[in-house]
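See structure below.
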Amino acid sequence: MAFFTGMKFFSRPSLSALRWSRRPQRNAKRFIFLYHRIASPKHDPFALSVGASQFQDHLDILRSYCQLVTLDDLLDTSRATRPILASITFDDGYTDNLTTASPILRRAGIPATFFICTGYLGDVRGFWWDRVASAIAVTEIAAPSFQLTNEISFTGDLSSPDGRHRATLEIAGRLQRMQSLQRDRAVEELERVLLAATVGTRWPGRHCVTTCTARCGC
């Protein structure tokens, strides 16, 4: 069984391999396609998003070459009617899974499995990695230096899109290894420091920066 993220699989070599894979149904080849967001946000440093039209194209391609089934049916190859089985899953539980992805899947009659981060239910601040990306995206500091925790400090250039992108990945990578409570304090400190250091830059309200970017797909 193979696992692919929606963004990484749909390349010419991958599609070519899928197209020419022809096996008897009893040895059906199985794939799981993992998505996070169906949206087109302005900032997507972690490459979690696939646009709605692109997602529709993905489904059309998959339906041409695969039998799209639930995760349960993916394990039961006796039900296979085509040589390639595929299942679609979503991680995290972004709002656009419900508002955008689900209607597209329903119209196409394609099943999917949604994995929800229940620990974030009711937290209007959004996911911590989106908060980090949002805080860095709105700042244009030439050479910031700040201490988030005893373990995490940062000195770099946030005056360019490339610099902000590199900083987002670097800081998020460090934060990912921390315990949740410590990480949450560090993210709050990052937001505070960048807000205080950003002069003359429009800073949306806290609800907009975290919730809209992380949840609604605007």
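The values are calculated or read from the model by the stated rules, or taken from the named source; none is laboratory data. All values reported here derive from a predicted model rather than from experimental measurement. Cβ: placed from backbone, ideal geometry, glycine included. Neighbour counts: every protein chain shown.
Contact map, the stretch 35-46: residues that are of a type in the set (Ser, Thr, Tyr) paired with residues that are surrounded by fewer than 17 Cβ atoms within 10 Å (Cβ to Cβ), Cβ distance under 6 Å, separation 6+ or inter-chain. Pairs shown: SER40/GLY51. Residues in the stretch 102-122 that are β-branched (Val, Ile, Thr) and in contact (Cβ under 8 Å) with a residue 40 or more places away in the chain: ILE104, ILE110, THR113. Taking the stated definitions as given, is ALA133 in contact with a strand residue (DSSP E or B) (Cβ under 8 Å, 6 or more places away or on another chain), buried (at least 17 other Cβ atoms within 10 Å of the Cβ) and either of a type in the set (A, V, I, L, M, F, W, C) or part of a loop (DSSP other than H, G, I, E, B) (or both)? Spelling it out, it is not the case that ALA133 is in contact with a strand residue (DSSP E or B) (Cβ under 8 Å, 6 or more places away or on another chain), buried (at least 17 other Cβ atoms within 10 Å of the Cβ) and either of a type in the set (A, V, I, L, M, F, W, C) or part of a loop (DSSP other than H, G, I, E, B) (or both).
In the stretch 58-82, the residue that is farthest from THR113 (Cα to Cα) out of those that are in a loop (DSSP other than H, G, I, E, B) and of a type in the set (S, T, N, Q) is THR81. Just to be sure, is LEU34 part of a strand (DSSP E or B), within 28 Å of ALA137 (Cβ to Cβ) and of a type outside the set (S, T, N, Q)? Against the criterion (part of a strand (DSSP E or B), within 28 Å of ALA137 (Cβ to Cβ) and of a type outside the set (S, T, N, Q)), LEU34 qualifies.
Sub-6 Å Cβ pairs linking a first residue in the stretch 74-92 that is hydrophobic (A, V, I, L, M, F, W, C) to a second residue that is at pLDDT 95 or above and part of a helix (DSSP H, G or I), at least 6 apart or interchain, are PHE90/ASN97, ordered by first then second residue. If you take the residues of the stretch 77-109 that are at pLDDT 95 or above and of a type in the set (Val, Ile, Thr), which of them is surrounded by the most Cβ atoms within 10 Å (Cβ to Cβ)? Filtering the stretch 77-109 for residues that are at pLDDT 95 or above and of a type in the set (Val, Ile, Thr), the one surrounded by the most Cβ atoms within 10 Å (Cβ to Cβ) comes out as ILE88. Summed over the stretch 140-154, the residues that are within 20 Å of ARG183 (Cβ to Cβ) and either at pLDDT 75 or above or among the charged types (D, E, K, R) (or both) give a count of 3.
Take the conditions (1) within 23 Å of the chain's Cα centre (by Cα); (2) hydrophobic (A, V, I, L, M, F, W, C); (3) in a loop (DSSP other than H, G, I, E, B); ILE141 misses just one of them, which is (1). Residue count for the stretch 168-190 satisfying the condition of being surrounded by 13 or more Cβ atoms within 10 Å (Cβ to Cβ) and outside any helix (DSSP H, G or I): 1. Within the span defined as the stretch 93-105, one or more residues are within 25 Å of ILE171 (Cβ to Cβ), within 19 Å of the chain's Cα centre (by Cα) and not in a helix (DSSP H, G or I).
Among all residues of the stretch 148-167, there is at least one that is part of a strand (DSSP E or B), among the polar types (S, T, N, Q) and loosely packed, with under 13 Cβ neighbours inside 10 Å.
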